[in-house]
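Undergrad: Can you keep this structure in mind? I'll have questions shortly.
The values are calculated or read from the model by the stated rules, or taken from the named source; none is laboratory data. Values in this document were obtained by computation on a predicted structure and should not be read as measured data. No Cβ is skipped: glycine too gets one built from the backbone with ideal geometry, and neighbour counts run over all protein chains shown. The protein model used for the area step is the full one, side chains on, heavy atoms only, and it has no ligands, DNA or RNA in it. Shrake-Rupley method; radii C 1.70, N 1.55, O 1.52, S 1.80 Å.
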Amino acid sequence: MNNTQLEEYLEEHLNNELQWLLRAATEWHIQDRLNLELDGYHIQVYAMDSTFLHARTLFEFFTNPTSNNYYGLNAFGLSPLTSTLYSTDWVSVLHGYLMHAQDRSNPRPVSSFDGTTTKHLNQMPVDFAHEVVRLWKDFVIALRASSDSNMRALAPIADAILNDAIANAKRVHSRFPVQEPDLSTVPSIVW
């Protein structure tokens, strides 16, 4: 890709993945804390699935080189970033249980973002989102440190995308449509 295409890819595609990842993870968090358990109301499952798909896409972009299936950081002239959580613990669970029709009744527990516990895959949306935010911040740092002035020019754009995605995720929490129970009891996520 040329410089214009890289900027467009960042602003359109990577931005889209991050925006919907953080919003979906926030929605999942709200639904998990409210624990409404209304028959026919499964927004928490939709939010979880969306979080997992967008997280997987961004994990592949940040941690793997470009392949026939996706772009990697090397498209920007950068080396893949390291995510020990993703590469050693999360990748097989995300790929195996998200992308393949198999028995999902008993996936192995995976490490939390902070490393303090293990969790069932269904409890991981916020953890995955936190790791993507960490990787995005490292992406901005790598762009700033690039020897290519065109890549350095993308750093403020990538930084603004992250800030915008975080702001939009906060709006999910602040504009939640359910009045009861009181949403003030649900803590906001700090990205």
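Undergrad: Counting Lys and Arg as +1 and Asp and Glu as -1, each charge on the Cβ, what is the dipole of the chain about the Cα centre in debye, to the nearest 20?
TA: 280 debye
Undergrad: If you count only protein heavy atoms with a 1.4 Å probe, what accessible area per residue comes out for the chain, rounded to a whole Å²?
TA: I get 52 Å² per residue for the chain.
Undergrad: Hey, another quick one. Can you check what the Kirkwood hydrodynamic radius comes to for segment 71-167, Cα pairs only, in Å to one decimal? Display every interim value, and only then the final one.
TA: Working: mean 1/r = 0.0659 Å⁻¹.
With all distinct Cα pairs of segment 71-167 included, I get 15.2 Å.
Undergrad: Tell me, what is the percent relative contact order of the chain, built from C-alpha pairs under 8 Å that lie six or more residues apart?
TA: 27 percent
Undergrad: How much of the accessible area of the chain, probe 1.4 Å, is carbon plus sulfur, in whole percent?
TA: The C+S portion of the solvent-accessible surface of the chain is 49 percent.
Undergrad: What is segment 1-65 by shape, rounded, prolate or oblate, if you read a ≥ b ≥ c off the alpha carbon gyration tensor as root eigenvalues and call it rounded for a/c under 1.5, prolate for a/b larger than b/c, and oblate otherwise?
TA: In terms of gyration-tensor shape, prolate.
Undergrad: How do HIS95, HIS13 stack up against each other in accessible area, from largest to smallest, with a 1.4 angstrom probe?
TA: Result of the area sort, largest leading: HIS13, HIS95.
Undergrad: I'd like the projected area of the chain, averaged over all directions, using the convex hull of its alpha carbons. Report it in nm² with one decimal.
TA: If you wrap the Cα atoms of the chain in a convex hull and average its projections, you get 11.7 nm².
Undergrad: So, one more: With point charges of +1 on the Cβ of Lys and Arg and -1 on the Cβ of Asp and Glu, referenced to the Cα centre of segment 1-96, which listed residue (TYR70, ILE30, THR51) lies farthest in the positive direction of the dipole?
TA: Value: TYR70.
Undergrad: Moving on to the next point. Which of the GluC sites (Glu not before Pro) across segment 11-40 are loop residues per DSSP, with 14 or fewer other Cβ within 10 Å?
TA: Loop-located and lightly packed - GLU37.
Undergrad: Here is a further query. Write out the chymotrypsin sites (Phe, Trp or Tyr not before Pro) in segment 4-47 meeting two conditions: DSSP loop, and at most 14 other Cβ atoms within 10 Å of their Cβ.
TA: Numbers: sites: TYR9, TRP20, TRP28, TYR41, TYR46; in loops: TYR41.
Listed in order of number, the matching sites are TYR41.
Undergrad: Helix-only estimate, please: 222 nm mean residue ellipticity of the chain, summing -39500 (n - 2.57) across DSSP H runs of length 4 or more and dividing by its residues, to the nearest 500.
TA: Rounded to the nearest 500, it is -17000 deg cm²/dmol.
Undergrad: Just how large is the dipole of segment 1-43 about the Cα centre, in debye to the nearest 20, putting +1 at every Lys and Arg Cβ and -1 at every Asp and Glu Cβ?
TA: Roughly 160 debye, rounded to the nearest 20.
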